[in-house]
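The values are calculated or read from the model by the stated rules, or taken from the named source; none is laboratory data. All of these numbers come straight from a predicted model, not from anything done at the bench. Counting neighbours? That spans all protein chains shown, and the Cβs are built from the backbone with ideal geometry, glycine included. Side chains are part of the model used for accessible areas, which takes the heavy atoms of the whole protein and leaves out ligands, DNA and RNA. Shrake-Rupley method; radii C 1.70, N 1.55, O 1.52, S 1.80 Å.
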Amino acid sequence: MHTIQLKSHKIEFDNDTVMYYQNWTGTLEHINEGGDIKFIHLPEVFQEGEFDKVFEIIEHKQKNIIKIRFNENVYGQQSEELLAEKYINLIENVVNCPEKSLSEILDNDIKMVIERINDTYSPYDYDLRICDYIYIKANQNKDKIAIICENKKITYGELIEKSDKVVSNLIKRGVKSGDKIGVLMPRSIDLVVFLIAIMKADAIYIPIDEMYPVERIKYMIDNSNMNYLISASSERQNSMFLNDTVILLSPDEILNYTEDNTLKTSHKNEIAYILYTSGSTGNPKGVQIYHKSLTNALRAFSVKPGFSENDILYSVTTICFDIAELELFLPLINGGTLELATQKTISNINLLRDTIMKSDANVLQATPAFFKSLGADVFVNKKMRILCGGEAMGYELASMLLNAGVELWNMYGPTETTIWSSVFKVTDAEKIQIGLPIANTRFYILNDEYKNVSFDEEGELFIAGDCVSKGYYDNEELNRKKFIKSICGEERAYATGDVVKINKEEEILFCGRKDTQVKIRGYRIELGEIERRLEELNEIDTAIVVIRNGSMENKMITAFLKVNNDIEDIEISRKIEKWLPRYMIPVKYIRVSDFPKTLNQKYDRRVLEIMDIDDIIDKYSVNKEKNNNLLQKIKLLKTSLPVRFILLAIVVNLV
């Protein structure tokens, strides 16, 4: 064994970090002999040319003293405490388990971190449904305003009285435990009443947006084996999508039915609702959400970001987007107030801005695209808590909102794991992360072999815990693919398809998607579904649909087409609108003679996403004149309108 005596050894890791090993002793100030980690604030310790982080190991009295000096404008104390802990853990493993390889030690390190962030256990009564929590709060606050919608209001006492009436009348019309009930109603107080009543009746609600095309509604009804449809639409409209097995119920008739409403309800059904999301096969798929999952999620959100009986939430989200469950029910389980925007208000950006500025609401949840179109000036002088999620927030938007003085939260989570799975309070626009898992929720970042990835290594995010849904209705093949059994010691975990990484500060960062699924304005979209609908048209041979960035980082659906016969853009949109909601209709169509390919001769979507449109047209276009005319119109629009109006034009076209 050779001992090398070095007075000082220096290793530079990067431009701002250095490590010193000192094996001489002298007068060392601020040394903590007890062995614990101790931090001492030394103002202005850094001089010009000093590294932002200095990691120093000093031999002293048969001990190694670890000193970390860091620039507090660059690094935080928590991250440096973690660094010290990990270094000590590394040394202990090397000494105690010399047979271990470095990769094994580091793998154990990441496992310890995962165990720490997954320590989310929080007890709750999962036999209590969200409707039960609402009734408990209602009995405590009968005279308090529960819901506001335009000039209409309803107290908690009136809310449960009306809900009881609906429950009784649903049961008298034959509704049983576990029956599936479609809800096709305008945004109103009565909409919330019916959703609460359906849960109370132990049935399952399936939300349907009035803006959906007929064929999509018909598919949802048929695929879900729906038992009842509560529809405020006309008889003619209902006849377009109903089948012979579905019983049609009128909300007005149920509300006006006056017989005794003292029927008892059961609690056998485990599913609260089925929500249909975009599907890669060309059809939407129904996600079945447990009552316990909804209860767990909303209880967690009550703590962080937080909601109290003094809060008022302004709701703008369609009921077909699962984050609407947070908006509709979070205020009511906490004794707060829900202010529900009508479809008329949401569709008029100026009216919406004016309404928000005049409202007493202090909580608003929406997607990044919504906040970009709304603008941040509406929040000035208002103490607003903003919940933003559904797609990446971005530096520009975060800066805009933080500068308006809001309390900003980044929300993350797929529909399959119930609304949001993690939350993060944003205080610095340059440091946005998806946050740590909520109560009774666990995250695993794995490679293709289902092994933990190392720090700063990308992997797929798997989510486990009480948040995980039952799966897709009547789609066992997809359930086996997406809901993985017996993984990481979990009974089931959902494979999100999201690529993330965890850094040494234990921050989880979103990196992208593994597949062609994207989110635009919070709507989850399978690009494959759009492609299949386009390729069903006789005039189109092959379609590749990608997302391209427009102004203000706005995402635009763009379809590249190889056509058999000429067809106008407006005709393409008209035909696929029979199946696809408006937010899934491409903004532009570009005809090509061929597609760019990868080395293994697969279509190169990445080129179509990032290559300049002019270059694509020059290289691949079959109709340069037509495509160039389209580009000139887009460029003219960009140069002739203010940014906000360009963005609004896109929103109106897609939503």
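Some notes on this structure:
- Over all projection directions, the Cα-based convex hull of the stretch 221-368 averages an area of 12.6 nm².
- Per-pair calculated FRET efficiency, R0 = 56 Å: Leu478 and Asp360 via Cβ, rounded to 0.05: 0.80
- Each residue of the stretch 190-202 was assigned a 3J(HN,Hα) from its phi angle through the Karplus curve 6.51 cos²θ - 1.76 cosθ + 1.60 (θ = phi - 60°); the sequence is 4, 4, 5, 4, 5, 5, 5, 5, 4, 5, 5, 7, 6 Hz, with glycine and proline shown as x.
- Kirkwood-type hydrodynamic radius, the stretch 428-510: 13.6 Å, calculated from all non-identical alpha-carbon pairs.
- Overall dimensions of the stretch 476-580, expressed as equivalent-ellipsoid semi-axes from the Cα gyration tensor (√(5λ), whole Å, largest first), are 34, 20, 10.
- For the stretch 412-417, 3J(HN,Hα) per residue [Karplus equation, 6.51 cos²θ - 1.76 cosθ + 1.60, θ = phi - 60°, Hz, x = Gly/Pro]: 9, x, x, 4, 5, 10
- Normalising the average separation of contacting C-alpha pairs (under 8 angstrom, six or more residues apart) by the number of residues puts the relative contact order of the stretch 467-508 at 26 percent.
- Of the solvent-accessible surface of the stretch 111-199, computed with a 1.4 Å probe over protein heavy atoms with every protein chain present, carbon and sulfur atoms account for 48 percent.
- Amide proton proximity set for Met384, modelled H, under 5 Å, gap of 5+: Glu407
- Environment charge of Ser486, counting only residues whose C-beta is closer than 14 Å and scoring Lys/Arg +1, Asp/Glu -1: +1
- When the solvent-accessible area of the stretch 541-596 is split by element, carbon and sulfur atoms take up 43 percent of it, the probe being 1.4 Å.
- Residues whose amide H comes within less than 5 Å of that of Ala272, counting only those at least five positions distant or on another chain, are Ile289, Tyr290, His291 (H built at 1.01 Å from N in the peptide plane).
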